[in-house]
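Heads up: the structure comes next, in structure tokens.
The values are calculated or read from the model by the stated rules, or taken from the named source; none is laboratory data. Note that the coordinates shown come from a computational prediction; the quantities given were computed from them, not determined experimentally. Don't worry about glycine lacking a Cβ; one is built from the backbone with ideal geometry, like all the others, and counts go over all protein chains shown. Keep in mind that these areas ignore ligands, DNA and RNA; they rest on the heavy atoms of the full protein, side chains included. Shrake-Rupley method; radii C 1.70, N 1.55, O 1.52, S 1.80 Å.
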Amino acid sequence: MLEVVDVIRRDIADLTGGLTASVGVASSKLMAKIASEINKPNGVFVVEPGTEAEVLGPMQATAIPGVGPATAERLRRVGILTVEELRTPSED
């Protein structure tokens with residue numbers, strides 16, 4: 001798998017005159033998108049199947065695409081800052 005990633009990144013650099021690419025590899029498009037942000041710039045991050053919750057848990061809620069500043073502020077007001085806290089909100 002990492003050999004394919006290396007080939008793709010090398011092809012991007014060759015075809016664009018040296019442009020780098022960060023790559024996320026995961027079992028879903030959403031997780032791959034989030035993973036590609038982890039080792040920027042020019043890095044690779046692999047999320048092994050079954051470890052998604054472990055990887056996402058400590059991240060800021062804004063790591064989830066679509067959670068922008070307004071939603072993040074609403075979540076912050078109720079004490080939710082991380083993805084793990086989104087998974088287990090209290091009734092309060």
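Quick test of your reading of the structure: residue 62 fulfils all but one of (1) part of a helix (DSSP H, G or I); (2) touching a strand residue (DSSP E or B) at 6+ places or on another chain (Cβ under 7 Å); (3) open to solvent by 30 Å² or more (accessible area, probe 1.4 Å). Name the failing condition by number. For residue 62, the exception is condition (2).
Being among the small types (Gly, Ala, Ser) and assigned to a loop (DSSP other than H, G, I, E, B), is that true of even one residue in the stretch 1-16? Taking every residue of the stretch 1-16 in turn, none turns out to be among the small types (Gly, Ala, Ser) and assigned to a loop (DSSP other than H, G, I, E, B).
Here's the yes/no breakdown for (1) of a type in the set (A, V, I, L, M); (2) under 14 Å from residue 63 (Cα atoms):
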{"position": "10", "(1), (2)": "no, no"}
{"position": "13", "(1), (2)": "yes, no"}
{"position": "16", "(1), (2)": "no, no"}
{"position": "20", "(1), (2)": "no, no"}
{"position": "24", "(1), (2)": "no, yes"}
{"position": "31", "(1), (2)": "yes, yes"}
{"position": "36", "(1), (2)": "no, yes"}
{"position": "43", "(1), (2)": "no, no"}
{"position": "48", "(1), (2)": "no, no"}
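With respect to the conditions (1) open to solvent by 60 Å² or more (accessible area, probe 1.4 Å); (2) within 20 Å of residue 37 (Cα to Cα), residue 70 falls short on a single one, namely (2).
Within the stretch 31-40, is even one residue modelled with pLDDT under 95, open to solvent by 30 Å² or more (accessible area, probe 1.4 Å) and part of a loop (DSSP other than H, G, I, E, B)? Scanning the stretch 31-40 turns up at least one residue that is modelled with pLDDT under 95, open to solvent by 30 Å² or more (accessible area, probe 1.4 Å) and part of a loop (DSSP other than H, G, I, E, B). Check whether at least one residue in the stretch 2-24 is under 23 Å from residue 89 (Cβ atoms), open to solvent by less than 80 Å² (accessible area, probe 1.4 Å) and not β-branched (Val, Ile, Thr), and report yes or no. No, the stretch 2-24 has no match at all. Being in a loop (DSSP other than H, G, I, E, B) and open to solvent by less than 70 Å² (accessible area, probe 1.4 Å) is the requirement here; does residue 80 meet it? Answer is yes for this residue. Residues that are in a helix (DSSP H, G or I) and open to solvent by 40 Å² or more (accessible area, probe 1.4 Å) within the stretch 83-92 comprise 84, 85, 86, 87, listed in sequence order. Residue 48 meets all of the listed conditions (1) surrounded by 14 or more Cβ atoms within 10 Å (Cβ to Cβ); (2) more than 10 Å from the chain's Cα centre (by Cα) but one, namely (1). Residue 49 - would you say it is in a loop (DSSP other than H, G, I, E, B), in contact with a strand residue (DSSP E or B) (Cβ under 8 Å, 6 or more places away or on another chain) and not β-branched (Val, Ile, Thr)? In short, no.
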